[in-house]
Amino acid sequence: MVKRALALLLAALLALTAFAAAAKEAESAAANPQIEARMMVLAEQLRCLVCQNQTIADSHADLAVDLRQEIREMLAKGMTEDQIRKYMTDRYGDFVLYKPPFKAKTALLWGGPPLLLLAALATLVAMLRRRMRASPDQFDPDTEPPTDGIEDIRAPRQAQEPARAD
């Protein structure tokens, strides 16, 4: 019993040391709270290139941490938000913007979802119209569907199976 308790205690200590080894140092905030606030506003407008569905303000990826630090440094140098946004789009493309502008390159990004919705609605309308034109006997559950001369391949097999004696 004592050996088992010691083994459990040792396993718990090993697990705690593993968590401590994986822990990272806390991210340093800018010394100037105004720069930090401006950085957070700008970071909420930029997409994390690793996560792709989070802003760099929300992401904990190493690249997002580095980009936030880079934004802090640029703001400290006196660059404006527009200059930083332009730098990021020049470096990473319009994809880095969480709300990319409407351009020829991003037209499919903006127009794709409405086009897919219209295609789905057109398909639904076509299916409903086809169903409206179909004869009522095609929807009767009591009748067998027409076989068009094709025999059911299960019928001969069922006739050949021996009857079970229960």
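The values are calculated or read from the model by the stated rules, or taken from the named source; none is laboratory data. Being a predicted model, the structure only gives us computed values, none of them experimental. A quick note on method: Cβ atoms are made from the backbone with ideal geometry, for glycine too, and the neighbour counts reach across all protein chains shown.
Of the residues in region 10-50, how many are assigned to a helix (DSSP H, G or I), within 29 Å of the chain's Cα centre (by Cα) and at pLDDT below 70?
The qualifying residues number 2.
Just give me the residues in region 87-111 being in contact with a strand residue (DSSP E or B) (Cβ under 9 Å, 6 or more places away or on another chain) and modelled with pLDDT of 90 or more, in sequence order.
Scanning region 87-111 gives MET88, THR89.
I'd like the full set of residues that are within 17 Å of ALA64 (Cα to Cα) and of a type in the set (Lys, Arg), limited to region 77-98.
Result: ARG85, ARG91.
If I go through region 50-93 residue by residue, how many of them are farther than 27 Å from ALA31 by Cβ and crowded, with 16+ Cβ neighbours inside 10 Å?
Residues flagged as farther than 27 Å from ALA31 by Cβ and crowded, with 16+ Cβ neighbours inside 10 Å within region 50-93 amount to 1.
Among (1) modelled with pLDDT of 90 or more; (2) in contact with a Leu (Cβ under 8 Å, 6 or more places away or on another chain), which single condition is ASP58 missing?
Answer for ASP58: the failing condition is (2).
Looking at region 64-86, can you tell me whether even one residue there is aliphatic (A, V, I, L, M), under 19 Å from the mean Cα position of the chain (by Cα) and at pLDDT 90 or above?
Scanning region 64-86 turns up at least one residue that is aliphatic (A, V, I, L, M), under 19 Å from the mean Cα position of the chain (by Cα) and at pLDDT 90 or above.
Would you tally the residues in region 87-105 being within 19 Å of the chain's Cα centre (by Cα), closer than 26 Å to GLN34 by Cα and not in a loop (DSSP other than H, G, I, E, B)?
Looking only at that region, the number is 2.
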